[in-house]
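Engineer: Got a structure for you, written out below as structure tokens; questions coming shortly.
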Amino acid sequence: MAVIIIVLNVLGSFIYGKIDLTEDQRFTLNPATAELLAKLPNDTASVSIEILLDGEFPSDFRHLQNNLKDLMGLFKERSAGMLNYRFVNPLDGTEEEVKALQQQLAKQKIMPLQIKDARQGRMILVFPFAIVRSGYNFEVINMIELGDGYYQPSDISASINSLEYKFAAAIKKLQLKSKPVVAFINNHGELPLRHIYGFEKALSENYGTKHVDLSRLNQIDSSVSLLVVAKPKRKFSYDDQFKLDQYVMNGGRILWMIDALDMEDDSLGKANGIHVPMPRELDLQKLLFNYGVRVNNNLIASYDAAAFGGLRSGPNQKSNPKWFYYPLVKPFATPQERLETGKSVIDHPIVKNLDFVLTKYPSSIDTVGTKTNVKKTPLLRSSKYSKLQYPPTRIGFGVIDPAIGPEAFTKGSQNVAVLLEGEFESHFKNRLPPRAEEIWKKAGNYPIRMSSRPSKMIVISDGDIAYNNYHASSQRHYPLGAGFLPDFGPKLFANQEFLLACVEYLTDDSGLVNLRNREIRLRPLDQKRAFDQESLWQFINLGLPLIILGLFGLLYYYLRRRRYTK
């Protein structure tokens, strides 16, 4: 037996392994993360991580701290020594040193969070940030996901769920040689620069952006990672459709933001405040139908809607009444989906923990059958209190009663954004446009493809989802997603977060974006009970084992003495 134990110990010193038996696999890295770490270059630009969470904290932050230590251990182990980390307390040192460090951190937009320490009965400062460095470059990670702008202990759970994704995404960004390119089409009356400024500025941190005129291109460059079609107003020629189609056939990705009807806020200022919207003649319906969706020529009116800022519902009434054509959309699940998944929201990394998104005059989207295998995933829907209006319909402030209740909205949730993934069939299969071969010869005689490489696209039935207001006299750009809540006031909706998540998903081939869906379940103690019964549980965990050990010793001594006395 002794020989077997010695042999096993010797073998164990050469063979290392572990088994993760946790339900949520919290001690196992996602394969995409593991591959990223394993491929870190073996040079002087190794990755170093500085985590500003050293010290003693309340129990909720200890959960975060412990999860960080576990995660960093996994990262270091998988990186084969090319990643190092350390925990730092920014409040350690003399008063002058602490002040100087905080000023330096503030320049990097690292500001402390003030939380209450129930044990000490006072407010304390914490820095829930990490700095990831590689060579001369660095990325700052904010590890706390604040639900409503103010810290709650429940925010820790969402923060822990996103840790692996945030660190892996930062490391990936630091390893990129160049930024992916996002190109905006601009020759069909799309949103002008001043009204898409917020979206493009948000993209510029992680992507290169440019604007392209399809009519001047023979083909869309393969270096373009994503093409954005933002609220076109003019018809797409057959040639332009062909270029878009061949871009998709060669694996290109497109983010479509399309208005089916010509309904604008400005239209309400004409003809006594009433407008009859008609379909926009974009000539994209058949193209999108071929890929798997139909953007319907209608308007969604929803009881759960934002307000038209600056209006009043009537004399002596509150300002900012609800405007039913501004649906507030979320990843609402249908009743059937709730039965199948047990969840009230769509489970997809793009819309994970997403707040309400503001839309203006969206249309409903239907998914349709395709000849090839295309996966169709709804991402955003209006609430279950919705209805549809078809042209010719009159839209105006005096046409619909702002006091009507939800019982008037009976058509259920309507799709506003749909993700399409798979291998698409060319819209031009067996019917090439007359100038196709001429265009392709100018482009370098690339083969014309009738079926696509694996690709994906997102279709959104609202061109204004990426729109930001612009004040001409002050040259001020308003934030993307700025709107009004009924009877309350200004609100910043999650339009930017949603669009950035769409872009990230469409341009990501590594699988890292799927980490946004990771869920690690915390099983926190009852804080009040733990505090009230602290002495009892300390006794049970520390004192009771010693008492049991002492009693066992006395019993052993008694039995041994009794045996030998006889």
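Engineer: Hey, can you tell me all the residues within the stretch 261-293 that are of a type in the set (A, V, I, L, M), under 19 Å from residue 232 (Cα atoms) and surrounded by fewer than 17 Cβ atoms within 10 Å (Cβ to Cβ)? Break it down into steps so the answer makes sense when it comes.
Structural biologist: Here is the first cut: in the stretch 261-293, the ones of a type in the set (A, V, I, L, M) are 261, 263, 268, 271, 274, 276, 278, 282, 284, 287-288, 293.
Next, only the ones that are under 19 Å from residue 232 (Cα atoms) stay: 261, 263, 278, 282, 284, 287-288, 293.
278 - this is the single residue of the stretch 261-293 that is of a type in the set (A, V, I, L, M), under 19 Å from residue 232 (Cα atoms) and surrounded by fewer than 17 Cβ atoms within 10 Å (Cβ to Cβ).
Engineer: Within the stretch 285-330, which residues are in a loop (DSSP other than H, G, I, E, B) and at pLDDT 90 or above?
Structural biologist: First, the residues of the stretch 285-330 that are in a loop (DSSP other than H, G, I, E, B): 292, 296-298, 303-304, 308-311, 313-318, 320-321.
Matches in the stretch 285-330: 292, 296, 297, 298, 303, 304.
Engineer: Here is a follow-up. Is it the case, given these coordinates, that residue 259 is part of a loop (DSSP other than H, G, I, E, B) and of a type in the set (Asp, Glu)?
Structural biologist: On the way: part of a loop (DSSP other than H, G, I, E, B): yes; of a type in the set (Asp, Glu): yes.
Yes; evaluated as a whole, the condition is true for this residue.
Engineer: Give the residue, chosen from 207, 238, 303, that is surrounded by fewer than 23 Cβ atoms within 10 Å (Cβ to Cβ), of a type outside the set (Val, Ile, Thr) and closer than 30 Å to residue 397 by Cα.
Structural biologist: Working: 207 fails: closer than 30 Å to residue 397 by Cα; 238 fails: closer than 30 Å to residue 397 by Cα.
303 is the lone residue from the list that is surrounded by fewer than 23 Cβ atoms within 10 Å (Cβ to Cβ), of a type outside the set (Val, Ile, Thr) and closer than 30 Å to residue 397 by Cα.
Engineer: Moving on. Could you say whether any residue in the stretch 34-43 is under 23 Å from residue 512 (Cα atoms), in a loop (DSSP other than H, G, I, E, B), among the aliphatic types (A, V, I, L, M) and at pLDDT below 85? Can you show your working first?
Structural biologist: From the stretch 34-43, those under 23 Å from residue 512 (Cα atoms) are 34-42; that's our starting set.
Checking the rest, the ones that are also in a loop (DSSP other than H, G, I, E, B) come to 39-42.
This time we only want the ones that are among the aliphatic types (A, V, I, L, M), so: 40.
Add one more test, that the residue is at pLDDT below 85, and what stays is none.
So far as the stretch 34-43 goes, no, none of its residues is under 23 Å from residue 512 (Cα atoms), in a loop (DSSP other than H, G, I, E, B), among the aliphatic types (A, V, I, L, M) and at pLDDT below 85.
Engineer: Continuing with this model, one more query. Among the listed residues 410, 377, which satisfies the condition of being surrounded by fewer than 17 Cβ atoms within 10 Å (Cβ to Cβ), in the same structural domain as residue 329 (by TED's automatic domain parsing) and of a type in the set (Ser, Thr, Tyr)? So that I can check it myself, show each step before the final result.
Structural biologist: Values: 377 fails: surrounded by fewer than 17 Cβ atoms within 10 Å (Cβ to Cβ).
Selected residue: 410, the only one of 410, 377 that is surrounded by fewer than 17 Cβ atoms within 10 Å (Cβ to Cβ), in the same structural domain as residue 329 (by TED's automatic domain parsing) and of a type in the set (Ser, Thr, Tyr).
Engineer: May I pose another question? Just one of the numbered conditions (1) of a type in the set (Asp, Glu); (2) over 16 Å from the mean Cα position of the chain (by Cα); (3) not assigned by TED's automatic domain parsing to the domain that holds residue 115 is not true of residue 205; which one?
Structural biologist: Looking at each condition in turn, residue 205 falls short on (2).
Engineer: Just to check your reading of the model, which residue among 226, 163 is in contact with a Lys or Arg (Cβ under 7 Å, 6 or more places away or on another chain), within 30 Å of residue 29 (Cβ to Cβ) and either surrounded by fewer than 17 Cβ atoms within 10 Å (Cβ to Cβ) or hydrophobic (A, V, I, L, M, F, W, C) (or both)? Explain how you work it out, then say what you get.
Structural biologist: Details: 163 fails: in contact with a Lys or Arg (Cβ under 7 Å, 6 or more places away or on another chain).
Checking each option against the conditions leaves just 226.
Engineer: Further question on the same structure: I need the strands (runs of 3 or more DSSP E) fully contained in the stretch 331-389, keeping only those with at least 3 residues that are under 20 Å from the mean Cα position of the chain (by Cα) and at pLDDT 90 or above. Lay out the reasoning, then the answer.
Structural biologist: Numbers: elements: 365-367, 374-381, 386-389.
The strands (runs of 3 or more DSSP E) meeting that bar are 374-381.
Engineer: Kindly establish whether residue 252 is over 26 Å from the mean Cα position of the chain (by Cα) and assigned to a loop (DSSP other than H, G, I, E, B). So that I can check it myself, show each step before the final result.
Structural biologist: Working: over 26 Å from the mean Cα position of the chain (by Cα): no; assigned to a loop (DSSP other than H, G, I, E, B): yes.
It is false that residue 252 is over 26 Å from the mean Cα position of the chain (by Cα) and assigned to a loop (DSSP other than H, G, I, E, B).
Engineer: Against the conditions (1) part of a loop (DSSP other than H, G, I, E, B); (2) on the phi < 0 side of the Ramachandran plot, where does residue 68 fall short? Just the number, please.
Structural biologist: Here residue 68 meets the rest and fails (1).
Engineer: Is it fair to say residue 168 is modelled with pLDDT under 95 and of a type in the set (Gly, Ala, Ser)?
Structural biologist: Details: modelled with pLDDT under 95: yes; of a type in the set (Gly, Ala, Ser): yes.
Here the answer is yes, as residue 168 does meet what is asked.
Engineer: Tally the residues that are over 15 Å from residue 49 (Cα atoms), out of contact with any helix residue (DSSP H, G or I) (no Cβ under 8 Å at 6 or more places or on another chain) and surrounded by fewer than 16 Cβ atoms within 10 Å (Cβ to Cβ), restricting the search to the stretch 122-157. Steps first, please.
Structural biologist: Within the stretch 122-157, the first condition is being over 15 Å from residue 49 (Cα atoms), and the residues that meet it are 122-126, 144-157.
When the remaining residues are screened for being out of contact with any helix residue (DSSP H, G or I) (no Cβ under 8 Å at 6 or more places or on another chain), the result is 122-125, 148-152, 154-155, 157.
If we keep only those that are surrounded by fewer than 16 Cβ atoms within 10 Å (Cβ to Cβ) as well, we get 122-123, 125, 148-150, 152, 154.
So the answer is 8.
The values are calculated or read from the model by the stated rules, or taken from the named source; none is laboratory data. Just so you know, these numbers come straight off a predicted model, no measurement behind them. So basically every Cβ, Gly included, is an ideal-geometry build from the backbone, and we count neighbours across all protein chains shown.
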